[in-house]
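Report on one structure; see the data block that follows.
The values are calculated or read from the model by the stated rules, or taken from the named source; none is laboratory data. Quick caveat: nothing in here was measured; it's all calculated off a predicted structure. Don't worry about glycine lacking a Cβ; one is built from the backbone with ideal geometry, like all the others, and counts go over all protein chains shown.
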Amino acid sequence: MSEFDSNLFLPFCGAIKGNTSANGNKNVAICYNYGVAWLEKRKYENAKQCFERCVKLDPRNLGCLYNLSIAFIGLGEMEKAERKLKLILSCWPTYTNAFLALAGIKRQARLGMSQRKDLSGPDIVFLKQIMAEEENLLKKAIQIDSGDSTVRQCLSKFYKEKGNMIKALEYDDFESLPINSKNRGKGNYLFEN
């Protein structure tokens, strides 16, 4: 997969303002900002290279790790992305963007499987497991920030796809609220229709 699913929400962290990163390293800030520019242009291989260099220079920089995971998703390297996102959540367990990206990975897998014509018993069990994991990730994100309109929109979409319109409407009524996340700050958001 070289492009994002047309309905996948993938936020990414925006550029660093000023000349240095949080640890004072100018090279990290330069690589990071180039990586962000490549993400914005959907040049995921270039973005990956920039963020891998950032991580080498500053291995504890969660913004670099997170954006690297988004580049991996854009390149279809879901296992690598999932490992990075889980690492982020082990350090920052309230980072809703990581939960959304993990849920997006599960959604990609679910949509891919559900389009198959030859699903058998074990496949159906696995598909249900993927759906449960996706729902769990979205519920964790809404527990962290119940007013985040993006998380609410993702939950609404999940329940619509599941056929549970009552539950979908529970989250739809807040769709017009601005993003109000405690841990996102100013960032860039990709949302494709």
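Table for the structure above
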| read-out | value |
| --- | --- |
| Residues that are polar (S, T, N, Q) and touching a Lys or Arg at 6+ places or on another chain (Cβ under 9 Å), drawn from segment 89-118 | T94, T96, N97 |
| Which numbered condition G74 misses (of (1) free of Cβ contacts under 8 Å to residues at least 60 places away in the same chain; (2) closer than 26 Å to N46 by Cβ) | (1) |
| Number of the exception - G74 against (1) of a type outside the set (A, V, I, L, M, F, W, C); (2) surrounded by 22 or more Cβ atoms within 10 Å (Cβ to Cβ); (3) in contact with a helix residue (DSSP H, G or I) (Cβ under 6 Å, 6 or more places away or on another chain); (4) under 19 Å from V151 (Cβ atoms) | (4) |
| Residues located in segment 54-69, provided they are crowded, with 19+ Cβ neighbours inside 10 Å and of a type in the set (D, E, K, R) | D58 |
| Residue in segment 85-96 that is among the β-branched types (V, I, T) and in contact (Cβ under 8 Å) with a residue 40 or more places away in the chain present | yes |
| Qualifying positions in segment 136-174 - over 20 Å from L102 (Cα atoms) and of a type outside the set (G, A, S) | N164, M165, I166, K167, L169, E170, D172, D173, F174 |
| Residue pairs meeting the criteria (Cβ under 9 Å; at least 6 apart or on separate chains; first farther than 22 Å from L100 by Cα, in segment 42-68; second surrounded by 22 or more Cβ atoms within 10 Å (Cβ to Cβ) and of a type in the set (F, W, Y)) | C50/Y32; C54/Y32; D58/Y32 |
| Index of the failed condition, K48 passing every other in (1) under 24 Å from Q143 (Cα atoms); (2) modelled with pLDDT of 95 or more | (1) |
